[in-house]
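The values are calculated or read from the model by the stated rules, or taken from the named source; none is laboratory data. For clarity, every value in this text was computed on a predicted model and none was experimentally measured. Here the Cβ is made from the backbone with ideal geometry for all residues, glycine too, and neighbour counts use every protein chain on show. Heavy atoms of the whole protein, side chains included, go into the accessibility calculation; ligands, DNA and RNA do not. Shrake-Rupley method; radii C 1.70, N 1.55, O 1.52, S 1.80 Å.
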Amino acid sequence: MERRKDAFFAEMERQRDAVTFDEVLLKTGYSTIELPKISLVGRFSRNCPLKRPFVSAAMDTVTGYRMAIAMARLGGIGVIHRNMSPKKQAWHVARVKNHLNVRIADPPPVCVRDTATVEEVLNERRRKRYPFESFLVVDENGKLVGVITGQDFDFCVDKTRQVRTAMTPRSDLEVASPEISDDEAFEAMVRMKKKRLPLENEDGTVAGLFVFSDLVRARSGTNMHNTDERGNLRVAAAIGVGDGVLEHVELLLNERVDVVVVDTAHGDSERVLKAVRRVKMEFPMLDVVAGNVSEGDSARRLIEDGRADGVKVGQGPGSICSTRTVTGTGCPQMTAIHQCELAVRDSGVPVCADGGISTPAHVTLALAAGAESVMMGRMFAGTKETPGETLFRQGQRVKVYRGMGSRSAMRDSRASRERYSQSDKFAPEGVEAVVPYQGSVSEVVGNLEGWLRSSLGYVGASSIPELHEKADFRRISSEGRKESDPHDVTVTPEAVSSAAMDLSDDEAFDDEGFLDENDAADWYQ
Ligand code: XMP
């Protein structure tokens with residue numbers, strides 16, 4: 001099916017020319033659109049919807065579990081990076097999936113035996129990296145006999161004691177039947193001031209558990225959360241193409257990962273196609289996004305030969321990338337997105353535009369060119385949800401942001417070397433940098449959303465599919481570019497909203513329902 005913008009790109013292709021974001025503008029059009037009514041629904045992959053089309057990059061200075069939780073709570077998705085062991089990455093996935101546990105029933109809550117020692121339970125907790133501290137306690141028949149919490153562990157000085165002597169016994173607990181609704185459970189817990197409400201079958205065996213902090217989180221802003229059919233946040237994870245790929249995916253699937261991303265610098269290679277095929281063959285129900293590519297034929301190969309459920313486009317546009325500079329290969333990002341989308345248009349597989357987004361306008365342009373989602377590293381790199389410390393450089397608060405192909409990332413991680421097909425002697429294809437600290441990612445996403453709505457209003461599109469239909473572009477000269485930016489004035493620093501000035505970091509974080517890293521252990525109590 002032909003679209004308006006196709007002629008623009010076809011003409012350019014005839015001249016063997018290509019464009020990137022700052023060389024084009026979208027044509028405006030007749031509009032009856034009310035901005036708040038615009039739908040920003042997109043897809044990251046064939047079966048992974050997004051309420052906002054934003055994806056955080058699979059980079060070790062961008063997406064760990066905290067960023068992934070934030071992104072999914074804001075309607076997008078985070079791709080957990082892979083510069084860590086598969087086991088640890090699976091643990092990150094579990095933290096996201098467990099963040100909004102409305103009712104813990106399927107799989108059932110983790111229970112411990114009353115005859116185990118406190119020491120044994122603590123060791124098991126460490127070994128399995130459980131992100132929570134409380135356990136239901138059962139007897140030899142699986143019947144509920146009590147609960148042991150973080151506080152019980154703390155006050156149990158002699159760790160060789162049996163759990164049944166340190167726990168809160170069943171007689172002191174409030175329990176409910178599995179028929180109780182989520183709302184009724186919430187109300188009962190508020191009324192009884194109980195942080196946990198175990199669910200018990202008629203025969204006394206454990207049927208499930210409600211945790212109050214989970215219910216509170218799940219009830220705040222629920223309509224924007226990107227959740228799966230069980231009500232848990234969606235999350236993706238990056239994988240490689242090496243021998244252990246199937247075992248890696250299995251670990252992630254055990255924690256109910258929603259999408260895996262075969263994350264490489266050159267997706268149009270036999271080893272990538274082979275890895276995608278193997279994962280799809282072994283786990284046909286799991287969505288696999290593959291990349292990165294920048295040519296139409298490459299995108300088509302990924303879905304036809306590889307059977308990928310999503311194609312990630314972008315070779316060298318990223319802010320920390322030096323691939324194009326050091327290899328002389330790649331394609332400017334607007335043209336790359338359009339070429340790839342055109343090649344897979346009738347397949348039902350969406351394109352994710354990855355890299356090069358440095359202004360809000362780039363988000364709209366990437367979507368208008370044909371993407372259904374936009375992956376960003378730099379845009380989110382300065383936020384408090386990224387892994388890593390906030391540093392001070394020349395009096396400014398900054399965070400580290402580095403390319404996955406940078407010298408330090410390659411030195412630190414085999415996965416980074418594999419992404420760029422490098423061995424122990426490596427040639428970097430990325431740089432290390434710092435970016436200004438930006439506060440909460442919710443503010444960044446909120447602003448991006450506002451500007452995206454405005455853009456769709458100017459085009460006269462009420463949704464991303466309609467933007468795909470209506471988008472048409474004009475190429476602009478450097479003079480046109482100059483005119484587009486503020487000019488002939490001395491720009492004063494932007495006024496900071498009084499609300500933003502008044503909020504301390506912690507308050508801002510609490511506002512979003514998050515807690516500090518130090519409090520993370522308490523999340524699941
Ligand atoms: P932005 O522009 O959002 O780009 O910061 C993020 C994307 O850049 C890719 N990436 C790299 N590309 N060398 C590269 O050529 C690198 O070292 C590198 N590290 C990340 C990646 O696709 C990411 O999502």
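Tell me the Rg and the Dmax, in Å, that the Cα atoms of region 101-142 produce.
For region 101-142, the Cα radius of gyration and maximum Cα-Cα distance read 11.0, 30 Å.
For the chain, what does the helix formula give at 222 nm: sum of -39500 (n - 2.57) over DSSP H segments with n ≥ 4, over the residue count, nearest 500 deg cm²/dmol?
-10500 deg cm²/dmol
On the protein heavy atoms, probe 1.4 angstrom, tell me the percent of accessible surface of region 103-219 carried by carbon and sulfur.
Roughly 48 percent, rounded to a whole number.
In vacuo Debye scattering of the chain, one point per C-alpha: log10 I(q)/I(0) at q = 0.06, 0.12 Å⁻¹?
Here the Debye-derived log intensity ratios amount to -0.32, -1.14.
At 1.4 Å probe size, with every protein chain present, just tell me what the per residue accessible area of region 328-386 comes to in Å².
For region 328-386, the per-residue accessible area is 20 Å².
Return the equivalent ellipsoid semi-axes of region 409-473 as a descending list in whole Å, where each equals the square root of 5 times an eigenvalue of the C-alpha gyration tensor.
39, 19, 10
What residues qualify as long-range amide H neighbours of Tyr401, i.e. H under 5 Å apart, gap of 5 or more or another chain, H built at 1.01 Å from N?
Ala433, Val434, Val435
How high is the relative contact order of the chain? Use alpha-carbon pairs under 8 Å, at least six apart in sequence, and give a whole percent.
For the chain, the relative contact order is 21 percent.
What list of ³J(HN,Hα) values in whole Hz, one per residue of region 426-440 in order, does the Karplus curve 6.51 cos²θ - 1.76 cosθ + 1.60 (θ = phi - 60°) give from phi, with Gly and Pro shown as x?
Each residue of region 426-440 in turn: 10, 10, x, 10, x, 10, 9, 8, 10, 10, x, 5, 10, x, 7 Hz.
Could you pull the Cα extents of region 103-219 along its three principal axes, largest to smallest, in whole Å?
39, 31, 25
If every alpha-carbon in region 16-149 counts as one equal scatterer, what log10 I(q)/I(0) does Debye give at q = 0.09, 0.16, 0.17, 0.20 1/Å?
Results for region 16-149 at q = 0.09, 0.16, 0.17, 0.20 Å⁻¹ read -0.48, -1.01, -1.07, -1.21.
Could you please state, rounded to a whole Å, how far the C-alpha centre of region 222-258 is from the C-alpha centre of region 358-410?
22 Å
Rounded to the nearest 0.05, what FRET efficiency is calculated for Arg129 and Ser463 with R0 set to 45 Å and r the Cβ-Cβ distance?
Calculated value: 0.65.
Accessible area per residue of region 103-219 at 1.4 Å probe, in Å²?
Averaged over the residues of region 103-219, the accessible area is 54 Å².
Modelling each spin label as a point 7 Å along the Cα-to-Cβ direction, I'd like the Asp154/Glu250 distance in nm, to one decimal.
Placing both labels 7 Å along Cα→Cβ, they lie 4.0 nm apart.
What is the list of residues in region 190-228 whose amide nitrogen lies under 19 Å from a point 7 angstrom out from the Cα of Glu174, following Cα to Cβ?
Residues 190-201, 207-219 fall inside that zone.
What are the residues whose amide H is under 5 Å from the amide H of Val112, where those residues sit 5 or more places off or on another chain and H is modelled from the backbone?
Residues meeting the criterion, in which the H sits 1.01 Å from N, are Leu136, Val137, Val138.
Probe radius 1.4 Å, ligands and nucleic acids ignored: give me the carbon and sulfur share of the accessible area of region 269-312 as a rounded percent.
48 percent
What full-extension length gain, to one decimal in nm, is calculated for Glu11 and Asp106 as 0.36 nm per residue of separation minus the Cα-Cα distance?
Taking Glu11 through Asp106 to full extension adds about 28.7 nm, to one decimal.
Summarise the long-distance tail of P(r) for region 146-291 by giving the % of C-alpha pairs beyond 22 Å.
61 percent
Name the trypsin sites (Lys or Arg not before Pro) in region 157-264 that are in a loop by DSSP and that have at most 12 other C-beta atoms within 10 Å, would you?
Lys193
Counting C-alpha atoms alone, how compact is region 332-397: give Rg to one decimal and Dmax as a whole number, in angstrom.
15.6, 52
Compute the FRET efficiency between Ser213 and Glu2 as 1/(1 + (r/R0)^6), taking r as their Cβ-Cβ distance and R0 = 60 Å, and round to the nearest 0.05.
Plugging the Cβ-Cβ distance into 1/(1 + (r/R0)^6) gives 0.70.
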